[in-house]
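The values are calculated or read from the model by the stated rules, or taken from the named source; none is laboratory data. As the structure is a prediction and not an experimental result, all values here were calculated from the model. Glycine gets a Cβ as well: all are built from the backbone with ideal geometry, and neighbour counts include every protein chain shown. What goes into the accessible areas is simple: the full protein's heavy atoms, side chains included, and nothing from ligands, DNA or RNA. Shrake-Rupley method; radii C 1.70, N 1.55, O 1.52, S 1.80 Å.
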Amino acid sequence: MNHTASNSLSEPTAERILLQLKTQGPQSTTALAKAIQITAEAMRQQVQKLVDAGLLQGQTERSSSAGRPRQLWTLTRAVHARFPDAHAQLALDLITSVRSLFGDTGVDRLIDARREESRQLYLESIGQARSIGDRVRKLAAVRDREGYMARAERDGQDWLLIEDHCPICAAAQACQGFCRAELELFQEVLGADTRVVREQHLLAGARRCVYRISPSRSITTPIRVDA
């Protein structure tokens, strides 16, 4: 994370709060205090500092009961600058220049070149992993190293590839072909015995990207799902 704020916001506790909300979504003061393992009063003080710095904002949790609605804390747009952005402005400038010089065809070629480079890296990282779980975990590991804050989680017979951050978000907003290429690439490198579906998409308003990897129903031979 980018430690450019005041000293009070570069403390480990404040950084842990931001990371907790980044990876787990909106939470109450009580839940944050429990996760970070500090007192509720100490958490209220930390939250207020982050609110004053423009990094946190409150939102009311919808409740179906007649009880008092809870206050949850979530990250503001400003906080995302504290996470890796893969040189966002440079990426935007390059896309603009390529489109100006070579049109959309040039941008497509740029996306294809990046996809091929990533394809080689991911295939090397996955190696000879046979089970779906092994493949997803290895893909998550390399994506995490690339700055996507990625992890793999089991969900019944399926696996989830969860990416809490997008270091190329600015470029993807300028050209959503990057997102389409990534989805197709995941399907390719994870193998024909899987089906990859994007269930949450940051550019569609979600707070993160989540991909569900399921055993392909078209495969008739046994599929190793477990690690």
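Please state which of the following conditions Glu41 fails to meet, knowing it meets all the rest: (1) surrounded by 12 or more Cβ atoms within 10 Å (Cβ to Cβ); (2) out of contact with any Cys (no Cβ under 8 Å at 6 or more places or on another chain); (3) at pLDDT 85 or above.
Status for Glu41: all satisfied but (1).
State the number of residues belonging to the range 147-179 that are open to solvent by 20 Å² or more (accessible area, probe 1.4 Å), under 11 Å from the mean Cα position of the chain (by Cα) and of a type outside the set (A, V, I, L, M).
Of the residues in that region, 3 qualify.
Which one of these does Glu116 not meet: (1) in a helix (DSSP H, G or I); (2) open to solvent by 70 Å² or more (accessible area, probe 1.4 Å); (3) modelled with pLDDT under 85; (4) farther than 18 Å from Gln20 by Cβ?
Of the numbered conditions (1) in a helix (DSSP H, G or I); (2) open to solvent by 70 Å² or more (accessible area, probe 1.4 Å); (3) modelled with pLDDT under 85; (4) farther than 18 Å from Gln20 by Cβ, the odd one out for Glu116 is (3).
With the structure loaded, tell me whether Arg143 is closer than 27 Å to Leu185 by Cβ, modelled with pLDDT of 90 or more, in contact with a Leu (Cβ under 8 Å, 6 or more places away or on another chain) and outside any strand (DSSP E or B) or whether it fails that test.
The answer is yes for Arg143.
Being modelled with pLDDT under 85 and in a helix (DSSP H, G or I) narrows it down to one of Asp85, Asp93, so name that one.
The conditions single out Asp93.
Scan Asp108, Asp104 and give me the residue that is in a helix (DSSP H, G or I), open to solvent by 50 Å² or more (accessible area, probe 1.4 Å), among the charged types (D, E, K, R) and without any contact (Cβ under 8 Å) to a residue 60 or more places away in the chain.
Residue meeting the stated conditions: Asp104.
When you check Ala141 against the structure, is it open to solvent by 10 Å² or more (accessible area, probe 1.4 Å), free of Cβ contacts under 8 Å to residues at least 40 places away in the same chain and of a type in the set (Gly, Ala, Ser), yes or no?
yes
If I ask for residues that are in a loop (DSSP other than H, G, I, E, B) and at pLDDT below 85, which ones from the range 1-38 would you list?
Met1, Asn2, His3, Thr4, Ala5, Ser6, Ser10, Glu11, Gly25
Arg62 passes all but one of (1) assigned to a loop (DSSP other than H, G, I, E, B); (2) closer than 14 Å to Trp73 by Cα; (3) at pLDDT 85 or above; which number fails?
For Arg62, the failing item is (3).
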